[in-house]
Amino acid sequence: MEVSSKDIGLRIKELRRQKNMTQIQLAEKLYYTTERQIQRIENGEIMCPTDRLAELALIFDTSTDYLLFGRSVNWWPEATD
């Protein structure tokens with residue numbers, strides 16, 4: 001699976017908008033001093049740091065798999081009786 005900073009940024013932007021959050025509000029939750037870092041992540045200019053992906057997943061009530069790949073990834077097959 002290929003991970004694209006542009007795709008990750010678009011998913012973060014979409015989730016932020018669904019929560020009616022501004023870039024400034026999200027930056028504050030992630031302890032960034034300005035919203036510029038959020039802008040750069042959302043525009044795909046930089047890759048979101050791994051530790052921030054985990055925080056974003058909690059903020060947006062989603063998984064890091066969704067943020068990275070656009071879908072939930074089931075790593076283990078479901079048990080059958």
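The values are calculated or read from the model by the stated rules, or taken from the named source; none is laboratory data. Owing to the predicted nature of the structure, the values given are computational and were not obtained by experimental measurement. Here Cβ is always computed from backbone atoms with ideal geometry, including for glycine, and neighbour counts include all displayed protein chains. Just so you know, the surface numbers come from the protein's heavy atoms only, side chains and all, with ligands and any DNA or RNA stripped out. Shrake-Rupley method; radii C 1.70, N 1.55, O 1.52, S 1.80 Å.
When you scan region 1-19, how many residues do you find that are more than 15 Å from Arg52 (Cβ to Cβ), among the hydrophobic types (A, V, I, L, M, F, W, C) and in a helix (DSSP H, G or I)?
Total satisfying the criteria: 1.
May I ask you to list pairs of residues, at least six apart or on different chains, whose Cβ atoms are under 8 Å apart, with the first in region 1-16 being within 10 Å of Glu42 (Cβ to Cβ) and the second being hydroxyl-bearing (Ser, Thr, Tyr) and at pLDDT below 95?
Note: pairs meeting the criteria are Arg11/Tyr66.
Report the residue count in region 20-72 for those that are farther than 13 Å from Ile8 by Cα, open to solvent by 50 Å² or more (accessible area, probe 1.4 Å) and assigned to a loop (DSSP other than H, G, I, E, B).
8
Kindly indicate whether any position in region 27-50 is at pLDDT 95 or above, polar (S, T, N, Q), in contact with an Asp or Glu (Cβ under 7 Å, 6 or more places away or on another chain) and more than 22 Å from Arg71 (Cβ to Cβ).
no
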